[in-house]
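The values are calculated or read from the model by the stated rules, or taken from the named source; none is laboratory data. The structure presented is a predicted model; accordingly, all values stated were derived computationally and were not measured. As a convention, Cβ positions derive from the backbone with ideal geometry for all residues, glycine included, and neighbour counts pool all protein chains shown. For accessibility, only protein heavy atoms count, side chains too; no ligands or nucleic acids. Shrake-Rupley method; radii C 1.70, N 1.55, O 1.52, S 1.80 Å.
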Amino acid sequence: MDTPFSTLAGELAGLEANGLRRTRRLLETPQGARVTVDGREYVAFCSNDYRLAGHPELIEAAREGAARYGVGAGASHLVLGHTKAHHALEEALAAFVGLPRALLFSTGYMANIGIVSALVGRGDAVFADRLNHASLNDAALLARAQLKRYAHLDLAALERQLAASRARRKLIVTDAVFSMDGDLADVPGLLQLCERHDAWLLLDDAHGFGVLGRAGRGTLAHFEADSPRVIYMATLGKAAGVFGAFVAGEPDVVEMLVQRARPYVYTTATPPLLAHALARSLDLIEREEWRRERLWALVGVLRGRFEPRRWRLGASTTAIQPLVIGGNEEAVSVSSALAGEGLLVPAIRPPTVPRGTARLRISLSAAHEVADVERLARVLATLQ
Ligand SMILES: *Cc1c(COP(=O)(O)O)cnc(C)c1O
């Protein structure tokens with residue numbers, strides 16, 4: 001009982017007792033709609049990769065990148081890790097999203113930490129939607145800015161907070177597509193509030209980039225929104241199928257991040273082969289509309305086929321379709337029952353989502369067949 005870590009053992013047992021202990025499965029194939037996990041084949045609805053992670057053209061581009069640049073970058077961007085591949089990708093990303101300048105980060109988590117802590121600090125305030133991704137909340141805490149959270153999508157509450165604030169700088173931070181709910185932030189409404197209250201908007205488009213808007217340009221394009229007040233962040237490990245993240249916006253914002261964002265300055269640049277592969281991924285995203293068309297068709301199939309009795313699908317129009325179950329243990333047991341039928345759908349529990357809203361997070365992908373989605377709806381109907 002009195003090992004040096006016995007208090008941790010107690011906490012871990014508590015997680016187990018509350019249905020909150022998480023485990024990892026062993027994936028043996030590329031990410032996709034059909035996967036082998038722990039030796040068994042499944043149809044998976046778990047991935048944020050909407051089709052590209054195992055794409056042969058990207059695998060080839062990664063090989064080409066490795067041959068040209070080697071495997072590791074070997075230094076941070078500001079020392080000697082910033083290759084032509086990184087630079088060309090930054091230029092392509094800025095052009096793609098229609099913003100003046102872009103900057104690569106290693107991950108979305110690091111980008112959010114870096115952006116918020118470089119741009120605001122003591123005496124400033126961050127205004128955050130309650131259902132934002134954890135990285136945005138962590139970022140505000142690390143920046144030591146005042147953190148004000150508003151009820152999900154409640155712009156009236158946000159406006160009251162903005163009006164009452166005496167902060168020197170006001171930064172609104174929000175998921176563009178909410179990662180566990182699949183619904184969208186009202187970007188035009190948020191930009192109006194920014195104008196009225198002299199605030200900036202950090203828009204985290206992890207789930208919109210590559211999927212929403214003309215040619216997959218993301219949530220700003222979806223709303224045809226454009227403002228110098230936007231600091232746009234998107235990840236490159238989801239729809240783009242590779243790894244990494246970027247920030248885009250006004251040149252002075254981006255330059256400040258180069259100078260001051262600690263997760264940019266004090267870390268090794270990502271392998272240039274990834275940047276090389278991402279340039280190809282961007283081409284595929286832009287050229288191949290069929291993936292997005294298919295995704296929207298599959299969303300329609302799921303929502304058309306699933307008949308709610310005990311459980312309801314959240315109000316999402318995107319590839320993320322939450323089926324809210326409520327209790328942690330019940331969500332886990334439904335997820336296990338689906339796995340028994342060869343269907344992998346993750347159970348998402350607190351603290352990732354609010355208490356009492358444990359859910360199955362169904363992620364659709366252009367790699368699914370209509371028949372896969374129909375089968376999921378059928379099996380769910382027998383379980384509820
Ligand atoms: C996935 C995600 C992130 C983190 O991105 P990574 O590149 O995986 O670190 C940040 N914000 C949101 C909304 C996400 O869904």
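Can you work out the PRE-style zone for Asp138? Point 7 Å along Cα to Cβ, and I want the residues of the stretch 325-368 with backbone N under 17 Å.
Only 349-353 fall inside the zone, counting backbone N under 17 Å.
Give me the distance between the Cα centres of the stretch 315-384 and the stretch 232-261, rounded to whole Å.
The stretch 315-384 and the stretch 232-261 have Cα centres spaced 31 Å from each other.
For every helix of n ≥ 4 consecutive DSSP H residues, a contribution of -39,500 (n - 2.57) applies; sum these over the chain, divide by its total residues, and give [θ] at 222 nm rounded to the nearest 500 deg cm²/dmol. Could the numbers behind the result be given before it?
On the way: 14 runs with 161 residues, N = 384.
The per-residue figure over the chain is -13000 deg cm²/dmol.
Normalised by the number of residues in the chain, what is the relative contact order in percent for Cα pairs under 8 Å and 6+ residues apart? Walk me through the numbers on the way to the answer.
Numbers: 752 pairs, mean separation 84.3, N = 384.
It comes to 22 percent, rounded to a whole number.
Quote to one decimal, in nm, the extra length available between Glu374 and Leu80 on full extension: 0.36 nm per residue of separation minus the C-alpha distance between them. Present the calculation step by step, with values, prior to reporting the outcome.
Values: separation 294, 0.36 × 294 = 105.84 nm, distance 5.12 nm.
Full extension from Glu374 to Leu80 adds 100.7 nm.
Before I look further, what does the chain give for accessible area per residue, probe 1.4 Å, in whole square angstrom?
Numbers: 17710 Å² over 384 residues.
Normalised by residue count, the accessible surface of the chain is 46 Å².
Ala17 to Glu57: extension gain in nm, 0.36 nm per residue of separation minus the Cα-Cα distance?
On the way: separation 40, 0.36 × 40 = 14.40 nm, distance 4.60 nm.
Difference between extended and current length: 9.8 nm.
At 7 Å along the Cα-to-beta-carbon direction for both Arg196 and Glu286, put a label point, then send me their distance in nm to one decimal.
Calculated label separation equals 3.8 nm.
How much of the accessible area of the stretch 56-287, in percent, comes from carbon and sulfur atoms when a 1.4 Å probe is used?
Working: 4970 of 9570 Å².
That share works out to 52 percent.
Between the stretch 94-122 and the stretch 139-168, what is the separation of their alpha carbon centroids in Å?
20
Shape call for the chain from the C-alpha gyration tensor, a ≥ b ≥ c root eigenvalues: rounded (a/c under 1.5), prolate (a/b greater than b/c) or oblate? Intermediate results must be reported in sequence, preceding the final value.
On the way: a/c = 1.39, a/b = 1.19, b/c = 1.17.
Taking the square roots of the gyration eigenvalues as a ≥ b ≥ c, the chain is rounded.
Using the Cβ atoms and a cut-off under 12 Å, what net charge is assigned to the surroundings of Ala277, where Lys and Arg are +1 and Asp and Glu are -1? Mind showing how you got there, number by number?
Details: positive: Arg63, Arg68, Arg280; negative: Glu57, Glu60, Glu64, Asp283.
Combined, the nearby Lys, Arg, Asp and Glu give -1.
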